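To start, the structure itself, in structure tokens.
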Amino acid sequence: MRFLSNVSGLLLATTGAQAFFVVPCSRPVVVQRADPIVNPGALAGHVHTIMGGSAFNFTMSYDDAVSSACSTCKVRQDLSNYWTPNLYYESENGKFEAVKQLGGMLVYYLQRSDSRDPEYENGLLAFPPGFQMLAGDPSLRSFGDTLEQRAISYVCLGVSGPETHQFPSQNCPYGLRVQVMFPSCWDGHNLDSPNHKSHMAYPSLVDNGVCPTSHPKRFITLFYEVTFQIDDFKDKWYKDTPPFVYSNGDPTGYGLHGDFVNGWDTDVLKSAIANCTDASGSLDRCPLLHQFDDETMRGCRVPVRVEEQVDGTLNKLPGCNPVQRGPGRATQQSDCGATTTISPPQWPYTDMTKSHRFRYRGCAPDASGKSRTLNGTDVSSDNMTVARCLEYCDERGFKYAGVEYRRECFCGNFVDHDREPKKGILGVCELPCTGDNNEVCGGYGGISLYEKCSAGTACKNADLDIDTKEPLPGFENGLRAGMTTTDMVRCRSLVEQSRILVMEVLSSDTEETDDADLDGGGESDTDNDPDALSMANLGTGQSSTAWVEDDEARLSMDVVRVYENTIVQLGNRLGDTLGGKIQIGIGAEDHSRPDN
């Protein structure tokens, strides 16, 4: 790994035999205008490159963080999030181009303390649940030689010379490494502070030295490294100063900053501080820290929720971030026309549940050098779309269809257990289809997997599955008297259909459309779909081809009433969206569903 060969000169000069370990992060979990520390519940002012746990969100707690299904960082017991601003190339014509990262991020945990610390005898502390902090100042455009500014540094890889506190004035053949040292002295009381910094302080030598008496307790020291591939622009320098700018409009480098939201298992971090005392930095020397496999890290992503371009070539920086060159502090801008809305998640699939009755199962592994995940038949096309692939497989009678590498379509009837998509992990499927750049057709070593929905079953995509794990109403103590297992299955089907109904109403584009459809103005799904559930038939005991096997099999009337009452009560709680405008079950006169 790079962290063994490219450890910064700062660390080599100061660590000596001091212990540390390094948590490699393979890729961002998301790149967007999000910062739950500074802008909770809203869009951030500028774009961040965010590493770590998959529970990252615009608002998050410690409980949220540790609920992550995966992380882009190596340690399983560390579900923290780490982020810095994104870097862009500023062209002579005023356009911007995102600079690629080399790898992801290296997060160093440094065992630094001083015998003169006010509470040295208590040792280094682990970050407590709910802890978060900021390092650096995004508004700075000049150097003031403060401890905070000395904690920001740059290394130009492939060029000899000292570290700097601003962008280097020459190209860096092996990358520009940006470095953020976090304060390690804590006031001992606050998990955060109004400016997200004053509950922390730097020791007297930034990464070493003595903690002030105002902040007597000492955490293990956090240090970030992120490397940007600026060599891609070596022939595009058009002035003496570096043509790069951070997403916050900083062309100097002084405005670099880092954020940290703790997601550690506290006991594990305490144990690592006590026992991971090797001076190599290698996680392999600390077996108590369990490691994610590389495939899981690569596939760990959060769906983007901001409708704006953040990579490629841009006319302006995302948000309201004009380039401010200083030397005075930058001022916050607003009302520039940039979006301020958090959008629904941009899931990496095409919804084919209604048009083709295929549901998205997830991004399944399909690594090269192994047998194919789907091995029935396949086809390739420079005009590949999800629909073309599904139709190709469906016409040949296959249950599964999958798109991969932008242009390849695979079909099959079985998916081995070890090839199933991992729950809660988006996977590496993020390549645009050759026939439609707005659709996703798999990835490198990942196949976008779709499954044909069985007749008479609810057809919904994986991300819409809802399982409260609560007992079904009327079945808290198991099967009701006189009910069979088949009846139970049908009741569960009714519940799932009700859930879909609620999802459709809540996700409708406009309130007017919802009202028109619910009032019966729109065409019912059941009119055109012979497999759709006839709720009226379930309620009255009449036969329905898709849901009732024979005329004698029907649901118990009192159980149906339980479900009807449950949905009506839910409708009342949703502002009469469902309760007053749709009846499900006995005596219902309007059985239409929202026509999406």
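For every residue, the table says whether it meets (1) of a type in the set (Val, Ile, Thr); (2) assigned to a loop (DSSP other than H, G, I, E, B).
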| residue | (1), (2) |
| --- | --- |
| 142 | no, yes |
| 148 | no, no |
| 154 | no, no |
| 159 | yes, yes |
| 189 | no, yes |
| 193 | no, yes |
| 208 | no, yes |
| 218 | no, no |
* Inspect all residues belonging to the stretch 224-233 and state whether any of them is out of contact with any Lys or Arg (no Cβ under 7 Å at 6 or more places or on another chain), touching a residue at least 12 places away in the same chain (Cβ under 8 Å), assigned by TED's automatic domain parsing to the domain that holds residue 157 and of a type in the set (S, T, N, Q). => no
* Asked: Can you name the residue in the stretch 131-153 that is under 21 Å from residue 89 (Cα atoms) and in contact with a Lys or Arg (Cβ under 7 Å, 6 or more places away or on another chain) and is also surrounded by the fewest Cβ atoms within 10 Å (Cβ to Cβ) among such residues?
  -> 139
* Mind telling me which of the residues 112, 177 ends up being under 27 Å from residue 326 (Cα atoms) and surrounded by 14 or more Cβ atoms within 10 Å (Cβ to Cβ)? => 177
* Structure fact -> Selection from the stretch 389-425 of residues of a type in the set (Asp, Glu) and in contact with a His (Cβ under 8 Å, 6 or more places away or on another chain) yields 391, 394
* **Long-range neighbours under 7 Å by Cβ, at least six apart or interchain, first residue touching a residue at least 60 places away in the same chain (Cβ under 8 Å) and of a type in the set (Asp, Glu) within the stretch 350-374, second surrounded by fewer than 18 Cβ atoms within 10 Å (Cβ to Cβ) and assigned to a loop (DSSP other than H, G, I, E, B)** => 366/372
* Determine, yes or no, whether residue 284 is among the charged types (D, E, K, R) and within 30 Å of residue 447 (Cβ to Cβ). => no
* Asked: How many residues are touching a helix residue (DSSP H, G or I) at 6+ places or on another chain (Cβ under 9 Å), more than 14 Å from residue 449 (Cβ to Cβ), part of a loop (DSSP other than H, G, I, E, B) and modelled with pLDDT of 95 or more if we restrict to the stretch 358-397?
  -> 1
* Condition check for residue 298: among the charged types (D, E, K, R), touching a Cys at 6+ places or on another chain (Cβ under 9 Å) and in the same structural domain as residue 44 (by TED's automatic domain parsing) -> no
* Asked: Just for the stretch 18-44: of the residues that are under 12 Å from residue 306 (Cβ atoms) and of a type in the set (Gly, Ala, Ser), which one is surrounded by the most Cβ atoms within 10 Å (Cβ to Cβ)?
  -> 34
* To do: Among the numbered conditions (1) among the polar types (S, T, N, Q); (2) more than 30 Å from residue 242 (Cα to Cα); (3) not in a loop (DSSP other than H, G, I, E, B), tell me where residue 59 comes up short.
  => (3)
* Is there a residue being buried (at least 21 other Cβ atoms within 10 Å of the Cβ) and either at pLDDT 95 or above or within 30 Å of residue 313 (Cβ to Cβ) (or both) anywhere in the stretch 188-196? -> no
* To do: Would you mind stating whether residue 245 is within 26 Å of the chain's Cα centre (by Cα), surrounded by fewer than 23 Cβ atoms within 10 Å (Cβ to Cβ) and assigned by TED's automatic domain parsing to the domain that holds residue 88?
  => no
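The values are calculated or read from the model by the stated rules, or taken from the named source; none is laboratory data. None of these values were measured; they are calculated from a predicted model. Note that each Cβ is placed from the backbone with ideal geometry, even for glycine, and that neighbours are counted across all protein chains shown.
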